[in-house]
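Engineer: The structure under discussion is supplied below as structure tokens; questions concerning it will follow.
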């Protein structure tokens, strides 16, 4: 399969291959069809870092550049500062002074 993938996927397009494999697993090789149970469970979403990240991105898309203080007030989370730093490392947001933007 790897040999075929290397021939079929242009160099620099490995993300397409990975996305296709994820889609294949999600639609064809499901745990229900294969009987293979997941080894781990995803953590609770409500109140999670993932939820805050999503809310911040949605807010910035809708409202544009916003003060970090405003965002921290709207989305209080004990780890808000480190969540924003992580989002910056992931190139989801940019920080200019006290403003956060997409």
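Engineer: At a threshold of 8 angstrom on Cα-Cα distance, excluding pairs fewer than six apart, so keeping six or more, what relative contact order does the chain reach in percent? Before the final figure, lay out each step's value.
Structural biologist: Working: 56 pairs, mean separation 23.5, N = 102.
Computed value for the chain: 23 percent relative contact order.
Engineer: Sum -39500 (n - 2.57) across every DSSP H segment of at least 4 residues in the chain, then divide by the residue count to get the 222 nm mean residue ellipticity, nearest 500. Intermediate values should be presented prior to the final figure.
Structural biologist: Working: 6 runs with 57 residues, N = 102.
Calculated mean residue ellipticity at 222 nm is -16000 deg cm²/dmol.
Engineer: For the stretch 81-102, list residues with backbone N below 16 Å from a point placed 7 Å from the Cα of residue 67 toward its Cβ?
Structural biologist: 96-101
Engineer: Oh, and also: Would you please put 31-37, 85-91 in order of how densely packed they are, using the mean number of other Cβ atoms within 10 angstrom per residue and starting with the highest?
Structural biologist: Values: 31-37: 8.4, 85-91: 12.1.
Ranking, from highest mean packing down: 85-91, 31-37.
Engineer: Could you check the spin-label model distance between residue 74 and residue 42? Points 7 Å from the Cα along Cα→Cβ, value in nm.
Structural biologist: 2.3
Engineer: Would you please give the FRET efficiency between residue 85 and residue 7, computed as 1/(1 + (r/R0)^6) with r the Cβ-Cβ distance and R0 = 30 Å, to the nearest 0.05? Numbers along the way, then the final one.
Structural biologist: Values: r = 41 Å, r/R0 = 1.36.
Taking R0 as 30 Å, the efficiency between residue 85 and residue 7 is 0.15.
Every number in this text was worked out from the coordinates using simple rules, so none of it is lab data. Small disclaimer: the values here were computed from a predicted structure and weren't measured. With ideal geometry, Cβ positions are generated from the backbone for all residues, glycine too; neighbour counts draw on all protein chains shown.
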